[in-house]
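Notes for the one structure printed next.
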Amino acid sequence: MKTQPHLFQRCRLSALALWLGLALAGHALAESGVLIRTSDLKQKPFLDATTTGSVASGSNVTITSRQGAWLQVKSANGQSGWVKLLNVRTSTGTSSGSVGGTLGTLGKVITTGSSGTTVTTGVKGLTSGEVTSTHPDPQQLNKLNGYATSSSQAAQSARSANLSRKSGVPDISPTSTATPGSNP
Amino acid sequence: MRHTLLALALSATCVMPAQAANLNDILNQLGNNPDLVNAIGSTVKNFADANRNIGPQEEQEIGNGLASNMLGAAPLVNDPNLQRYVNDVGVWVASQSGVTGINWRFGVIDTNTINSFAMPGGVVFITKGLLAQLHSEAELACVLGHESTHVLRHHHLRAIQSASGKDALSSALQGVVAYKGNQQAQQIGANLASGFSEVYVRGLDKSDEFEADINGMVLCARAGYNPYALPAVLQTLDALNPQDSNLQMMFSTHPSPRARLDKIDQVVGDRLEPWASGTENTVRFGAATAHYTTSNR
């Protein structure tokens, strides 16, 4: 699989350190991405941080960390800094070379007939057929209902996790447009 | 209908019970769709005409029937701590809509398929497979905010009324009639469930998925999280191999992660940047999910 092992895997032995690490430092990543537009390279993950350079549209970068609306990247020529997360795409495209590896790790997949329909075995999956042909399970529904929480309980739990409601967040119409290009 | 619902949902100060599901609109389609009447038969039509009052309670019962069906295909992960945690996060995020009276129930279902689902009335499922891809509570919160938006804006009802959902509509209608004739949730009838289940196979309207992404970010920001955790999840999905069998259903029912990222880039851009310093992660995320995020890689 294309995805590199991420922090959870590498730090399995020290769960506490892991949580603290995530909470304090964002995610350690080792993914690659491509810039969809020429982007400022910032010293810190903020709009008003010092610009230290620029990465051209179409450049490949290695993503090393993520914070807020920003990705910390390294460019092919060794520059590093922060670029806007939304300026980067991570598609692997249609590289067929990794298909075998992916399927090998996630279950045996048998391709049946010329239609290319795949049937997954060995892994409990949820296919289109299963969703439409299943039988109801009222006991599971009762269980689900039993786990429900009230909004006041959820708010209390959120406070314990140091979360608080933020005011001033605007509604955003899906047909509106952000101002493009003001901060590349 | 859409504008009314939107206006209601967007009114942050407005406190009200969940809006009535517009299943009535489905029934109304009988009037201008003779093919449909032929398909379901005049007895069903007459019954439907006489029983078109379907309110929030009934919407919830229908959602319960669908949830029960989904759980028949993939049961809940047997981990009460995880399930309660997901409810704590989900209800916190969904309640930022200001809409009250929805019986929210969130659950992690036991399948490696990477997906999440919303049912009319307030049930939201995330699969163990998707949970395994998440890095933080902010990412979880944004995914749940996306699904909650489908519930808040009745997107399933719109999908079932769309032209591509004709068969589903016919099944749903027969199911509504069966349901109205027998007020027991477990007797909703295979027709209704299969009608709506079609929606889970076909997917919702693309525009509704984009709307759910954008409003999911807004809810996430109001709940105190970094809203850019949503595009972060999409980048993770975008980096996965699209041939992966566990992704097939998500990819067949949603616009591609790349198209969703492009839409967020175009519509949201920097507009939520002031809230990007919100919470990324919590200790409780690690405590509740560590087992799943490490074991499914």
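Its residue count N fixes a reference of 2.2 N^0.38 Å for region B:55-97, and the Cα radius of gyration divided by that reference is 1.39. Here the simple spin-label model places points 7 Å from the Cα toward Cβ, and for A:SER151 and A:SER80 these points are separated by 4.6 nm. Measuring against 27 Å, Cα to Cα, the residue pairs A:LYS166/B:LYS206; A:LYS74/A:LYS166; A:LYS84/B:LYS263; A:LYS166/B:LYS263; A:LYS84/B:LYS128 contain A:LYS166/B:LYS206; A:LYS74/A:LYS166; A:LYS84/B:LYS128 as the ones spanning a longer distance. Shown is the FRET efficiency for B:ASN103 and A:SER160, computed with R0 = 25 Å from the Cβ-Cβ distance and rounded to the nearest 0.05: 0.60.
Each reported figure results from applying straightforward, stated rules to the coordinates on display, with no laboratory input. Here the structure is a predicted model, which means the values were calculated and not measured. We place every Cβ from the backbone using ideal geometry, glycine too, and count neighbours over all the protein chains shown.
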